[in-house]
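Single-structure report; data block below.
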Amino acid sequence: MHNFIGSKFKANCRQLFAAISVNLVTFSFGLYTGWSSTVSPMFTDPKETPLDHVMTDNSISWACSWGMLSAILGTFFWGMLADNFGRKTTGFLTMLPYLVSWVILLVVKTETALMVSRFLGGLGASGAAINCPMYVGEVSDEAMKAGLGSLFILMYNIGVLYVYVFGVMVDYTHLNLACLAISLLFMIVWMYVPESPIFLIQKKRIDEARQSLMWFRGKDNDKEVSDEMDSLMRHGDQLTKATLADYKKRGTLKALLIGLVFQAGTQFSGINIILMYTVDIFKKSGSRMSPHSCTILVGVVQVIGSAIATLTVHRAGRKFFLMVTYGVTALALITIGTCFYVNKVDPSINTGILPVLSLSVHVIAFSLGLGMVPYIIYTEVFPANVRNICMSLLMFFNNVLGFVIIKAYPSMSEALHTSGYFWMFGAVCLAVVPYTYLFVPETKDKAYEDIRRELLLWFPDRRHKNKVAAVDKETAADQVDGGDAGNVVVVEANEMKVCMGKDQSCFTTPQRARDNVK
């Protein structure tokens with residue numbers, strides 16, 4: 001018992017260390033996002049600007065949206081880099097653009113240098129969104145997966161708060177130095193984290209995969225990880241390269257559709273507008289409170305919300321978190337829009353603390369649900385061999401939509417007024433609630449086979465027994481050559497293994513194989 005508790009504690013610590021380490025890239029993503037909100041007022045003030053000239057609102061909108069353009073470019077290669085060179089090498093490469101961008105801002109103080117820096121940062125952002133959740137999902141055990149998966153949004157929010165606070169406390173140069181320090185810290189700690197065992201299995205590097213898994217599970221005896229190694233090797237989709245037919249399967253297509261809706265919901269939540277224009281939003285909201293103080297307060301609330309999410313996400317279903325938080329986000333956006341409208345009708349009206357409360361509720365809801373849970377779901381609904389490409393497609397769509405929304409903010413705020421823009425956001429978030437209820441399967445505490453079965457149904461929570469039987473038959477047919485529902489059994493006596501099915505699922509004992517057939 002003592003050895004079990006000791007190995008469990010060691011495993012939890014190592015998995016936590018690995019998750020925090022890889023999410024230092026996500027932390028830098030948060031720095032990059034919140035940085036523009038802190039420094040934008042400086043760039044438009046002739047007395048405070050650190051650049052060689054004052055920037056226009058249009059130039060600032062380009063500085064905010066450039067990263068989305070480069071993030072679109074990044075979606076084409078980050079997944080392939082992770083598949084070909086590994087999650088660890090890709091981790092170094094995703095931090096490199098941030099490191100270079102902070103150096104550029106420190107050395108060259110021109111608008112052109114600023115745009116180049118923002119472009120590079122966007123490359124790192126798409127890499128973080130693809131590689132970090134994937135790595136954490138692959139190295140975490142089932143008990144830790146949800147909690148460690150939620151570190152993505154927590155570290156992102158801490159990064160935003162970090163840059164908000166330093167933006168008020170220090171000058172432009174020291175702010176960029178504080179950001180650069182995080183990139184350097186990552187480059188050091190990331191060297192001590194092993195490669196993902198799933199990637200090593202995909203590359204047929206079985207001995208290295210076993211050593212990696214032993215490290216993450218805190219066990220010194222390789223016999224104790226044999227069962228998990230068998231489980232990881234059991235499915236052919238973790239060993240074979242994906243074909244076009246794998247992407248055309250109904251379950252994969254439905255998972256992709258779910259991801260597209262969630263990514264649209266993320267962008268139409270207005271989170272990027274709020275984080276990049278926080279100070280400006282509070283100036284226009286009719287509140288008499290200090291914009292910078294309100295900005296820091298929202299950052300603090302956002303971190304608290306994501307910390308709560310980290311502790312509670314494993315206690316309730318994914319669908320519950322998503323439906324509740326999308327509904328609350330919609331209410332908060334409509335309230336913020338109303339504050340803008342009241343200020344437009346009568347600028348003398350003091351909306352007081354209402355904008356702060358609304359934005360605080362918004363960022364808490366975002367942290368608890370729609371900013372975090374979809375990324376946990378993605379690791380659960382996509383087969384391992386198509387996950388990278390599907391994640392890249394989702395990030396491509398996310399970044400295209402994000403670029404349009406951020407770049408259009410100044411002009412759309414004039415055309416629809418800021419109130420109309422936020423009301424539109426609220427309406428979209430509200431529409432995602434019934435979609436989640438009707439079409440998204442619950443994935444919490446379910447094996448991948450059960451999730452795949454439900455993905456074959458359009459209304460997973462309203463299924464009937466005859467539909468389940470039909471789906472079971474279709475799933476079984478997919479697992480053997482030519483659609484034959486029989487089992488192919490191969491006995492390897494010298495290794496005490498029994499392999500069956502098209503994917504040659506392997507078990508260390510014949511009894512486990514017989515149980516699987518039953």
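Taken together, the values in this text are just the output of simple stated rules run on the coordinates, not laboratory data. Quantities reported herein were computed from a predicted structural model and do not represent experimental measurements. Counting neighbours? That spans all protein chains shown, and the Cβs are built from the backbone with ideal geometry, glycine included.
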Residue by residue through the stretch 374-387, the couplings from Karplus 6.51 cos²θ - 1.76 cosθ + 1.60 with θ = phi - 60°, in Hz, x for Gly and Pro, are x, 6, 5, 5, 4, 6, 9, 9, 9, x, 4, 7, 10, 4
List, in the order given, every pair from Lys88/Lys254; Lys145/Lys219; Lys8/Lys145; Lys145/Lys248; Lys88/Lys204 whose Cα-Cα distance in the structure shown is over 21 Å.
Lys88/Lys254; Lys145/Lys248
Pair Asp207, Ser226: separation of 7 Å Cα→Cβ label points (nm)
1.9 nm
Between Val54 and Leu73, how many nm apart are label points set 7 Å from Cα along the C-beta direction?
3.2 nm
What number, in percent, do you get for the relative contact order of the stretch 1-144 if the mean sequence gap of Cα pairs under 8 Å and at least 6 apart is divided by its residue count?
34 percent
Within 10 Å, count the other beta carbons around each residue, average over each peptide in 446-452, 159-165, and list them highest first.
159-165, 446-452
Can you tell me the order of 269-276, 356-363, 303-310 when each peptide is scored by its average per-residue count of other Cβ atoms within 10 angstrom, highest first?
269-276, 356-363, 303-310
Relative packing of peptides 436-445, 194-203 - highest average C-beta neighbours within 10 Å first:
194-203, 436-445
By its C-alpha gyration tensor, with a ≥ b ≥ c as the square roots of the eigenvalues, how is the stretch 346-407 shaped: rounded for a/c under 1.5, else prolate for a/b larger than b/c, else oblate?
oblate
Under the Karplus relation with 6.51, -1.76 and 1.60 and θ = phi - 60°, whole-Hz ³J(HN,Hα) for the stretch 134-139, x at Gly and Pro, equal 5, 5, 4, x, 7, 9
